[in-house]
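Asks: First the structure, then my questions, so here it is.
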Amino acid sequence: MPTVVLLDVSLSMSRGVDAVSPCQEEEDTESQILRKDLAVHGCNILLDHFIQHCKLEFASLIVFSSVYKVLMPFTRDFEAIKGALNLVDECDKTCIEVGLMGAAQHILEEWGNGTPCQVVLVTDGNAGTGQHHLQKSMMSSHSRGASQFPLPFPFPAKLNIVCIANPNEPCLQTSKPLYQRLIELNGEGDILVPEGNLTKQSVSEMFEHLIKNNFSSYSGVLHCGSLSAPVTLSPPPQPYCRHHDFEIMRVSVDPTITVLGFLNTGDVSSPPAFSRHLVLPLSAKGDMVMLPKADAGSDDEGTGNDEGKIPSFCVLLHGGLKRENMVALSQVGENWYGILYSWADNKKKSNLMLSLFVPGVDVIPWMGKLSNLGPASQLPVNPYGPSDTSSPFPLKVHEKKSYALNSVVWVRQGGLQSDIQKILRHARKLPDKTQSFYKELNRVRKAALAYGFSELLEGLANVLERECTLLPPTSHPDAAIQLQHAYEALRSHDRKDSRQNITPLKTTFSGND
């Protein structure tokens with residue numbers, strides 16, 4: 001998951017740390033440290049974690065004050081980012097809106113709007129002053145009714161706001177509700193404040209807490225029968241969270257990934273995935289193994305470690321899936337499944353990948369419930385045919401669903417307005433459009449009765465009554481009679497026979513009497 005470190009370099013970041021007891025020599029030394037230095041110290045802790053545990057992640061460094069600047073575009077060279085942090089200069093005033101705009105624009109240019117990202121905003125708890133004050137920006141954006149404010153981001157993202165400030169500072173207490181509003185606008189994220197006095201130790205603990213909650217690497221075991229191997233997933237899988245009417249569904253990936261069976265790649269095709277992850281083996285120390293040839297992310301098949309002598313189950317599984325053109329159906333949690341497969345980003349290198357579905361058993365429509373799958377050898381008849389040339393998928397559905405239902409759905413105001421205008425167009429062409437007029441009238445009336453939208457029926461009756469009074473003298477007599485009959489029937493929607501369609505009134509003018 002790409003990460004943007006958004007660092008505040010305003011003048012207020014060059015303030016010293018206020019010690020509680022200046023008379024003590026140790027605290028005097030601590031008070032000489034600038035807040036900018038503590039911010040750089042915390043960012044280095046995050047980058048050191050990437051170097052050790054997240055080698056395949058991308059990170060970027062953006063600094064901002066009243067303007068923003070991309071110091072380091074997305075890269076895996078975390079040492080270069082640490083070097084750029086040491087060259088940061090202070091600028092003028094704080095403008096968080098500008099920084100968020102810069103982060104959004106940079107992510108859209110590099111990753112588009114479909115890649116989940118992390119944005120870590122490091123500031124001193126000052127929301128800014130003057131024209132670009134955060135509160136003014138949020139209020140002006142709301143009053144304009146426009147989408148000029150950068151939040152919510154146009155892509156899936158977590159926004160974590162890290163405050164280099166003492167918890168009891170008045171400035172932080174004033175800014176905290178604004179920061180919380182930013183998190184609510186984005187939809188996901190957190191505000192982190194040091195516990196106790198502002199020191200290197202408290203800042204280190206705060207960034208460790210940030211890493212634990214958002215950047216912890218996944219370490220698990222891949223099982224297939226009696227074979228197993230310690231693995232890690234890159235990027236780490238995020239919990240699946242979905243809000244239902246009366247509960248919140250939250251599921252996390254288990255530390256054990258179990259291979260349940262194997263399927264032809266053609267049978268699975270390209271199912272919808274919740275997330276995709278690179279599967280890498282772990283060494284005995286728990287470190288990610290990055291091997292040039294004999295690893296799970298290589299084209300070699302067989303066994304190997306850094307000297308090619310220790311067997312690797314990941315390599316064996318990857319080679320088998322690639323050679324046989326198959327996928328491994330795996331269980332990653334309670335009622336949560338995914339598939340392991342070989343994926344090649346170019347002709348020379350391929351990787352063992354894991355695609356996670358949304359939790360549930362009925363996630364691939366053409367395969368039915370995954371819980372019903374089992375070994376083909378235990379069935380009385382081979383579902384793949386005598387010569388294994390046919391396939392039982394996609395499953396044949398006995399009941400064919402009809403997609404020609406003439407249902408009425410009003411999601412936006414324009415849809416309802418369009419239906420009313422269609423009725424009026426037919427009304428103005430009566431009696432030539434009598435059948436079309438009553439067809440559209442009954443369609444809207446039926447939907448209004450189903451939704452309990454009695455106000456719509458009364459309003460439509462008033463509109464038709466007005467149309468009746470505005471008919472020109474040259475209009476056909478049957479037009480006024482049909483319009484009067486229609487709006488009177490609309491106003492009697494509370495009668496027992498209101499579910500019956502309104503039929504055209506037979507008159508001597510229509511030739512039906």
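The values are calculated or read from the model by the stated rules, or taken from the named source; none is laboratory data. Keep in mind it's a predicted model, so treat the numbers as computed, not measured. Here the Cβ positions follow ideal geometry from the backbone for every residue, glycine too, while neighbour counts run over all protein chains shown. Note: accessible area is taken over every heavy atom of the protein model, side chains too, but ligands, DNA and RNA are not part of it. Shrake-Rupley method; radii C 1.70, N 1.55, O 1.52, S 1.80 Å.
Asks: Checking the condition touching a strand residue (DSSP E or B) at 6+ places or on another chain (Cβ under 9 Å) and over 27 Å from PRO365 (Cα atoms), which residue from SER275, SER219, SER252, SER204 passes?
Replies: Result: SER219 is the single residue among SER275, SER219, SER252, SER204 that is touching a strand residue (DSSP E or B) at 6+ places or on another chain (Cβ under 9 Å) and over 27 Å from PRO365 (Cα atoms).
Asks: Looking at (1) under 15 Å from PHE262 (Cα atoms); (2) part of a loop (DSSP other than H, G, I, E, B), which one does GLY385 not meet, given that it meets all the others?
Replies: Against the list (1) under 15 Å from PHE262 (Cα atoms); (2) part of a loop (DSSP other than H, G, I, E, B), GLY385 comes up short only on (1).
Asks: If you go through the stretch 168-184 one residue at a time, how many are surrounded by fewer than 15 Cβ atoms within 10 Å (Cβ to Cβ) and under 21 Å from VAL4 (Cα atoms)?
Replies: Residues that pass the stated criteria total 3.
Asks: Can I ask one more? Under 6 Å by Cβ, and 6 or more places apart or on different chains, what pairs join a residue from the stretch 331-343 that is among the acidic types (Asp, Glu) with one that is open to solvent by 40 Å² or more (accessible area, probe 1.4 Å)?
Replies: Short answer, once both residue conditions are applied: none.
Asks: Residue check: is LYS439 open to solvent by 80 Å² or more (accessible area, probe 1.4 Å), within 30 Å of THR508 (Cβ to Cβ), basic (Lys, Arg) and part of a helix (DSSP H, G or I)?
Replies: yes
Asks: Between LEU490, LEU449, LEU471, LEU424, which is at pLDDT 90 or above and open to solvent by less than 70 Å² (accessible area, probe 1.4 Å)?
Replies: Working: LEU490 fails: at pLDDT 90 or above; LEU449 fails: at pLDDT 90 or above; LEU471 fails: at pLDDT 90 or above.
Answer to the selection: LEU424.
Asks: Count, please, the residues in the stretch 206-218 that happen to be within 30 Å of VAL332 (Cβ to Cβ), out of contact with any Gly (no Cβ under 6 Å at 6 or more places or on another chain) and outside any loop (DSSP other than H, G, I, E, B).
Replies: 8
Asks: Within the stretch 1-40, can you find the residues that are within 31 Å of the chain's Cα centre (by Cα) and at pLDDT 90 or above?
Replies: PRO2, THR3, VAL4, VAL5, LEU6, LEU7, ASP8, VAL9, ALA39, VAL40 - these are the residues of the stretch 1-40 that are within 31 Å of the chain's Cα centre (by Cα) and at pLDDT 90 or above.
Asks: Of everything in the stretch 60-77, what is open to solvent by less than 10 Å² (accessible area, probe 1.4 Å) and touching a Leu at 6+ places or on another chain (Cβ under 7 Å)? Give them in sequence order.
Replies: Passing the criteria: LEU61, ILE62, PHE64.
Asks: Within the stretch 380-408, can you find the residues that are of a type in the set (Phe, Trp, Tyr) and either open to solvent by 100 Å² or more (accessible area, probe 1.4 Å) or modelled with pLDDT under 80 (or both)?
Replies: Once the filter is applied, which keeps residues that are of a type in the set (Phe, Trp, Tyr) and either open to solvent by 100 Å² or more (accessible area, probe 1.4 Å) or modelled with pLDDT under 80 (or both), the stretch 380-408 yields only TYR403.
Asks: Something else now. Taking only the stretch 185-205 into account, find how many residues are open to solvent by less than 30 Å² (accessible area, probe 1.4 Å), within 18 Å of PHE155 (Cα to Cα) and in a loop (DSSP other than H, G, I, E, B).
Replies: Residues that pass the stated criteria total 0.
Asks: Inspect all residues belonging to the stretch 326-339 and state whether any of them is more than 24 Å from the chain's Cα centre (by Cα), part of a helix (DSSP H, G or I), at pLDDT 85 or above and buried (at least 19 other Cβ atoms within 10 Å of the Cβ).
Replies: For the stretch 326-339, residues more than 24 Å from the chain's Cα centre (by Cα), part of a helix (DSSP H, G or I), at pLDDT 85 or above and buried (at least 19 other Cβ atoms within 10 Å of the Cβ): absent.
Asks: Go through the stretch 33-51 residue by residue and tally those that are outside any helix (DSSP H, G or I) and touching a residue at least 40 places away in the same chain (Cβ under 8 Å).
Replies: 1
Asks: In the stretch 341-377, which residues are in contact with a Ser or Thr (Cβ under 6 Å, 6 or more places away or on another chain) and either surrounded by fewer than 19 Cβ atoms within 10 Å (Cβ to Cβ) or not hydroxyl-bearing (Ser, Thr, Tyr) (or both)?
Replies: Within the stretch 341-377, the subset in contact with a Ser or Thr (Cβ under 6 Å, 6 or more places away or on another chain) is 342, 344, 350, 356, 361.
Hits for the stretch 341-377 are ALA344, LEU356, VAL361.
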